[in-house]
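Written out below as structure tokens is the structure these notes cover.
The values are calculated or read from the model by the stated rules, or taken from the named source; none is laboratory data. Just so it is clear, the structure is predicted and the values come from calculations on it, not from any experiment. Heads up, the Cβs are rebuilt from the backbone with ideal geometry, glycines too, and the neighbour counts pull from every protein chain shown.
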Amino acid sequence: MAEILWPDSQVDLRGNVELEIGFGRGDFLERVSRLNPHITYVGVDRSWGSVKRAFRRLKDRRNVYLVWGDVWAFLMFGMRDVRFHRVFSLFPDPWPKKKHRHRRMFSPDFWKLLSVRTKEDAHVSVVSDDLAFIRWAYENALRSGCWWGYISETERRFGTKYEEKWLRAGKRVYQAVLMRDGMCHFRIPEATLRYPKFKTLKVRGSLKGDYTLRDSAHLSVKDVVFDREGGKVLVKAVVSEGHLLHKVWFEVVRKGDFWTVRPSDFSKFFPTPALQSAMDTLAHLLGDHPL
Ligand SMILES: C[S@@+](CC[C@H](N)C(=O)[O-])C[C@H]1O[C@@H](n2cnc3c(N)ncnc32)[C@H](O)[C@@H]1O
């Protein structure tokens, strides 16, 4: 039975594990997981619509895991003991406009992160109709210093929605194939979270707004809900940190003589220094005397 997982889920997987980044409808996963029942396939896609559609097609497969979330978060925090043997990215969004370039995967940092999450003999295939994007991804791989490979036009048919679309439009399909060349260093931001405390809750003007945190991270407070009778404040916030986005409801709760700030259980967040800094900032904003 296929499973849907959060990006930071831990699963003990044995044998060869292959990863597809941005599986869309799940066409490729559907085919390869049927042809290779001895291989485990992990697909990551940040669109819930894609995850739902692909799950409907793949739910009976025992060798498929679908991760709903951003690939950066997954590669940093998910399945930490797994090293992928093959990685496929088929027709990733090329973000052609310069102002959107930062949204692209396959920057030098992304290749470094891929190198720490793959086996020594791993191959990565990036496939697209956009040759300029393929060249950009390939050059970044070489620049990262941990991959070597080649670019070619490919006759291979992956059978995905976007491949069909571009072939119907008369376009050609290109691939960059990269092989591991040593291992790069990539620092995954991590912290043991400490929940800040303060004595007196300050009730004053709106907290909504943007705050700068350490290491160019940002805290954006979207909403604040006071539950005075229940002795609780809820703060809806987004913490952005490099390629990571934490969408969090922070709880500020009264415990005996003091108040404490912590992320609520139903939020999606990662234990990083920026998240710690966001909680410390909220304690300063809400408390008279942070302890
Ligand atoms: C253009 S579609 C290609 C889908 C499929 N591979 C195909 O060839 O038909 C790109 C897919 O990548 C997903 N995606 C884009 N950026 C992503 C990210 N940072 N993390 C995970 N998935 C992402 C999108 O949600 C979308 O499903």
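Residue-level check: of (1) within 21 Å of the chain's Cα centre (by Cα); (2) within 12 Å of the ligand (Cβ to nearest atom), Glu30 misses just (1). Give the residues of the stretch 222-247 that are touching a residue at least 60 places away in the same chain (Cβ under 8 Å) and either touching a strand residue (DSSP E or B) at 6+ places or on another chain (Cβ under 9 Å) or loosely packed, with under 14 Cβ neighbours inside 10 Å (or both), sorted by residue number. Listed by number, the list holds a single entry, Leu245. If you check Val51, Val82, Val17, Val64 for being crowded, with 17+ Cβ neighbours inside 10 Å and within 14 Å of the ligand (Cβ to nearest atom), only one passes: Val51.
When each of Asp210, Asp215 is tested for being out of contact with any Phe, Trp or Tyr (no Cβ under 8 Å at 6 or more places or on another chain), in a strand (DSSP E or B) and under 26 Å from Val71 (Cα atoms), the lone residue that passes is Asp210. Inspection of the stretch 265-286 identifies at least one residue that is modelled with pLDDT of 95 or more, surrounded by 13 or more Cβ atoms within 10 Å (Cβ to Cβ) and out of contact with any strand residue (DSSP E or B) (no Cβ under 9 Å at 6 or more places or on another chain). Pairs are defined by a Cβ separation below 6 Å, a sequence spacing of at least 6 or placement on different chains, a first member in the stretch 27-55 that is closer than 15 Å to Leu90 by Cα, and a second member that is of a type in the set (S, T, N, Q) and within 15 Å of the ligand (Cβ to nearest atom); the pairs so defined are Asp27/Thr160; Phe28/Thr160; Tyr41/Ser33. If you go through the stretch 128-166 and keep only what is crowded, with 21+ Cβ neighbours inside 10 Å and within 11 Å of the ligand (Cβ to nearest atom), you end up with Ser128, Thr160, Glu163.
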